[in-house]
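Q: Got a structure for you, questions after.
The values are calculated or read from the model by the stated rules, or taken from the named source; none is laboratory data. Owing to the predicted nature of the structure, the values given are computational and were not obtained by experimental measurement. All Cβ positions, glycine included, derive from the backbone under ideal geometry; neighbour counts span all protein chains shown.
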Amino acid sequence: MVRIKNLGTVAMVVATIWVLSACAGGQVEMEEIGTTVNPAEEVNRLDSEISNARKNQLNVLAPTSFAKAEAYLNDAKEALKSGDEFSEILEPIGSGRTQLKRAEEMAQVARTTLPNAIKARELARAAGATNLGEDYVRAEEQFLKLTKAIENNDLKYAQNNREKVAAAFDQLEVRAIKERTLGEARKLIKQAEDEGARKLTPKTLAVAQQKLSHADAFISEHRYEKEKIQQKSSDALFQAQRLVQVKRQSKQVKE
């Protein structure tokens with residue numbers, strides 16, 4: 001608990017922060033401060049607000065403003081840890097809330113401007129596209145360029161490039177589904193090929209490859225038909241496992 005020694009000073013700090021907030025693009029009225037306050041509660045409150053904002057995707061829909069809000073939160077935490085006067089803790093808290101308010105406004109503009117890209121990104125992530133390495137990272141970087149452009153009032157760039165980014169995430173979603181459902185079968189078939197299946201068991205290899213190819217093509221056209229995808233991927237995996245077994249037996253017989 002910190003006692004406010006000079007209420008006039010606090011009032012001046014509050015007024016100053018309000019003016020700075022207005023200049024930053026969003027008028028955020030500061031709460032009235034009593035004669036005694038708990039700065040730790042104010043810091044924790046801002047921390048909670050930023051956590052909720054992250055859950056609502058503000059960190060990607062308005063990355064610049066969100067990053068500034070986090071920086072101000074860290075400043076407030078450092079001031080609290082150092083035992084600074086409450087006025088020195090209050091200022092970054094107020095600035096942090098101003099940036100958070102701006103992030104909310106910019107995120108709403110992004111949702112209106114980039115609905116297809118946002119939806120495609122969500123579906124790709126749900127399918128496991130984050131495991132695709134550099135390809136996913138590139139798409140994410142392109143998405144952040146769109147939202148940063150919106151924060152910089154460059155709607156034209158966002159509008160001109162949003163469908164390209166949506167298409168990139170769409171392709172990643174399909175790849176992620178295929179990797180999740182067909183990855184093991186593909187791995188086993190390649191392993192068998194590397195170990196001489198083309199010479200030892202060409203017919204069994206052809207059957208396995210055909211099952212894999214059919215499943216792959218089906219997913220490309222019907223990515224959300226989960227039951228049929230499961231059936232076809234199971235068939236492909238069975239044939240891949242059979243290929244490995246037959247190849248090993250053929251190798252033993254040859255030896």
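Q: When you look at residue 193, is it surrounded by 15 or more Cβ atoms within 10 Å (Cβ to Cβ) and acidic (Asp, Glu), yes or no?
A: On the way: surrounded by 15 or more Cβ atoms within 10 Å (Cβ to Cβ): yes; acidic (Asp, Glu): yes.
In short, yes.
Q: Could you check segment 93-152 and list, in sequence order, the residues that are modelled with pLDDT under 95 and in contact with an Asp or Glu (Cβ under 6 Å, 6 or more places away or on another chain)?
A: If the condition is that a residue be modelled with pLDDT under 95 and in contact with an Asp or Glu (Cβ under 6 Å, 6 or more places away or on another chain), then 93 is the only one that fits.
Q: Would you confirm whether or not segment 217-224 contains a residue that is buried (at least 21 other Cβ atoms within 10 Å of the Cβ), at pLDDT 95 or above and not β-branched (Val, Ile, Thr)?
A: There is no residue in segment 217-224 that is buried (at least 21 other Cβ atoms within 10 Å of the Cβ), at pLDDT 95 or above and not β-branched (Val, Ile, Thr).
Q: So for segment 68-81 (the condition being surrounded by fewer than 17 Cβ atoms within 10 Å (Cβ to Cβ), under 22 Å from residue 158 (Cα atoms) and modelled with pLDDT of 95 or more), does at least one residue qualify?
A: No; the residues of segment 68-81 include none that is surrounded by fewer than 17 Cβ atoms within 10 Å (Cβ to Cβ), under 22 Å from residue 158 (Cα atoms) and modelled with pLDDT of 95 or more.
Q: Within segment 100-139, which residues are closer than 27 Å to residue 73 by Cα and either in contact (Cβ under 8 Å) with a residue 12 or more places away in the chain or buried (at least 21 other Cβ atoms within 10 Å of the Cβ) (or both)?
A: 100, 101, 102, 103, 104, 105, 106, 107, 109, 110, 111
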